[in-house]
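Asker: Just passing along the structure, written as structure tokens.
The values are calculated or read from the model by the stated rules, or taken from the named source; none is laboratory data. Computed from a predicted model, the values in this text were never measured in an experiment. Quick reminder, even Gly has a Cβ in these numbers, built from the backbone with ideal geometry, and neighbours come from all protein chains shown. The accessibility values were calculated without ligands, DNA or RNA, using every heavy atom of the protein model including side chains. Shrake-Rupley method; radii C 1.70, N 1.55, O 1.52, S 1.80 Å.
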Amino acid sequence: MTNLDVRSARPDQLVSSDKGQWEIIVGLEVHAQVTSNAKLFSGASAAYGGAPNAHVSLVDAAMPGMLPVINKFCVEQAIRTGLGLNAQINEKSRFDRKNYFYPDLPQGYQISQFQMPIVGEGEIEVEPDGEDPIKVRIERLHLEQDAGKSIHDLSPSETFVDLNRAGVALMEIVSRPDIRSAKEAAAYFNKLRAILRALGTCDGNMEEGSMRADVNVSVRRGGTKEWGTRCEIKNVNSTRFMMQAIEYEARRQIEILESGGSIDQETRLFDANTGATRTMRSKEDAHDYRYFPDPDLLPLVIEKKWIEEIRASLPELPDAKKKRFISEYGLTPYDARVISSDSETSAYFETVAKGRDPKMAANWVTQELAAALNKKGLELSASRVKAEALGALLDLVKDDTINGKIAKDVFAKMIETGDAPGAIVEREGLKQVTDTSAIEKAIDELMAANADKVEDVRKNPKAFGWWVGQTMKATGGKANPAVVNEILKKKLGV
Ligand code: MN
């Protein structure tokens, strides 16, 4: 296995304890729900929600004699995703039965892909905040069905089963163990999410469980090459929990190893209430899934021509977009990454930036707008300030109708009311005062009332800020700051 071990942790990523330094090794298996109207092998709706068992066909319920029929669109989505992950598309793949018994799995097996997945090896670039980019290799992507849901908390004595999810198409995306910290794991997951959302192959909605990760964690002493025994943490559904789970699990393993114990290979659960992981099942009770090719389904043979057609239809992906934002708009790499990581944000930004100062547009989108939406717990799509309206606000600053400070006040009103910036400026009388006589009058009054401070600013240039602030205040914040500065300097003789 050592030939797969292409990365060593950086020194600052090692975990220190009394007895030495340890490297964390992480690999992720991400289940991503395919964006599709229908399920993988039936025509039933794949929509989220709905009354229990409202989206269940006879195939999903595994009625006798029912046969699965592959949904071509789901296959196309898997190919599109593979291309977006710079991965090999396998022209021949196959569906296998993964056998296990559970009440929410009416077939008694999950149709998955075991030996021959539709997508093979790929690689993506990941950029943890404030760190150099890393490459994370993708081992495979395969298509499989989701299971139904057992509901245990509606009755003290009964379990209910909802099969709405049963048969919904999932892509399981397996990374190589190339991740060396909790932060890198979160960055990988976010990058994957950004790519899938840009491709339109998974909506990435975490609350609805559209993306969830099984996190494989092991540790080894810093500088060594042997792999440790790994534990798998199941079904982690947020990057915050993922980071907590990795950090907790690494510490747990280090403590065991340092006290002379050994790690049992097992499946564990992360408990968000305690921040700890606990045993779910050990290797001894690991399932033997008795995989075998599903006799009801033919091997999947994909024509090269179709792959090329899909490739030609790929949208601009986050990496390409980031590069373009740097070269075309002169954004910083950080701003370019933040804006390009989401198609909606980048489209919004480009509308605001069109014909305007792109850096100013980027600042407003990543700072004022992001903070306001975050405070309200809103997605960009729910913003009352549309891109055109934010652009109009920037125009009012550009043509000196209002100053930058007032623009923030106007924006705060826009986000509450959805009103146009021009209307707010008119209604509230916020137009910038460029009338020098009004500004001069305000300064004269200030100087008369603060003779001591006039003396002070002539000796101490740092006191100038006070004068600017007071003049702005006296004009209701509406004065043109450049004009204020100019008149102040003249009158104060500084
Ligand atoms: Mn799976």
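Asker: Give the residue, chosen from Thr417, Thr471, Thr475, that is assigned by TED's automatic domain parsing to the domain that holds Arg384, closer than 30 Å to Ala372 by Cα and among the polar types (S, T, N, Q).
Answerer: Thr417
Asker: Take Arg252 and tell me if it is among the charged types (D, E, K, R) and at pLDDT 95 or above.
Answerer: Yes: the conditions hold for Arg252.
Asker: Has region 94-116 got at least one residue that is touching a helix residue (DSSP H, G or I) at 6+ places or on another chain (Cβ under 9 Å), open to solvent by less than 50 Å² (accessible area, probe 1.4 Å) and away from the ligand (no atom under 16 Å from the Cβ)?
Answerer: Looking through region 94-116, none of the residues is touching a helix residue (DSSP H, G or I) at 6+ places or on another chain (Cβ under 9 Å), open to solvent by less than 50 Å² (accessible area, probe 1.4 Å) and away from the ligand (no atom under 16 Å from the Cβ).
Asker: If we keep just the residues of region 160-176 that are closer than 12 Å to Leu40 by Cβ and not in a loop (DSSP other than H, G, I, E, B), which is nearest to the ligand (Cβ to nearest atom)?
Answerer: Taking the candidates together, the pick is Leu170.
Asker: Mind listing whichever residues of region 1-38 are within 16 Å of the ligand (Cβ to nearest atom) and part of a loop (DSSP other than H, G, I, E, B)?
Answerer: Selection gives Val34 alone.
Asker: For region 234-254, which residues satisfy the criterion of being open to solvent by less than 60 Å² (accessible area, probe 1.4 Å), more than 16 Å from Glu184 (Cβ to Cβ) and either assigned to a strand (DSSP E or B) or basic (Lys, Arg) (or both)?
Answerer: Scanning region 234-254 gives Lys234, Arg252.
Asker: Ok, one more. Going by what's in this entry, would Leu393 be described as touching a residue at least 24 places away in the same chain (Cβ under 8 Å), open to solvent by less than 60 Å² (accessible area, probe 1.4 Å) and over 30 Å from Met472 (Cα atoms)?
Answerer: For Leu393, the condition - touching a residue at least 24 places away in the same chain (Cβ under 8 Å), open to solvent by less than 60 Å² (accessible area, probe 1.4 Å) and over 30 Å from Met472 (Cα atoms) - is not met.
Asker: Conditions first: (1) of a type in the set (Ser, Thr, Tyr); (2) in contact (Cβ under 8 Å) with a residue 12 or more places away in the chain; (3) over 22 Å from Tyr291 (Cα atoms); (4) open to solvent by 30 Å² or more (accessible area, probe 1.4 Å). Ser16 passes all but one, so which condition is the exception?
Answerer: (2)
Asker: Based on what the data block shows, is Tyr334 among the aromatic types (Phe, Trp, Tyr) and open to solvent by less than 60 Å² (accessible area, probe 1.4 Å)?
Answerer: For Tyr334, the condition - among the aromatic types (Phe, Trp, Tyr) and open to solvent by less than 60 Å² (accessible area, probe 1.4 Å) - is not met.
Asker: Has region 424-445 got at least one residue that is within 45 Å of the chain's Cα centre (by Cα) and of a type in the set (Gly, Ala, Ser)?
Answerer: Checking region 424-445: at least one residue is within 45 Å of the chain's Cα centre (by Cα) and of a type in the set (Gly, Ala, Ser).
Asker: Of all the residues that make up region 119-149, how many are more than 14 Å from the ligand (Cβ to nearest atom) and either under 26 Å from Met243 (Cβ atoms) or part of a loop (DSSP other than H, G, I, E, B) (or both)?
Answerer: Of the residues in that region, 20 qualify.
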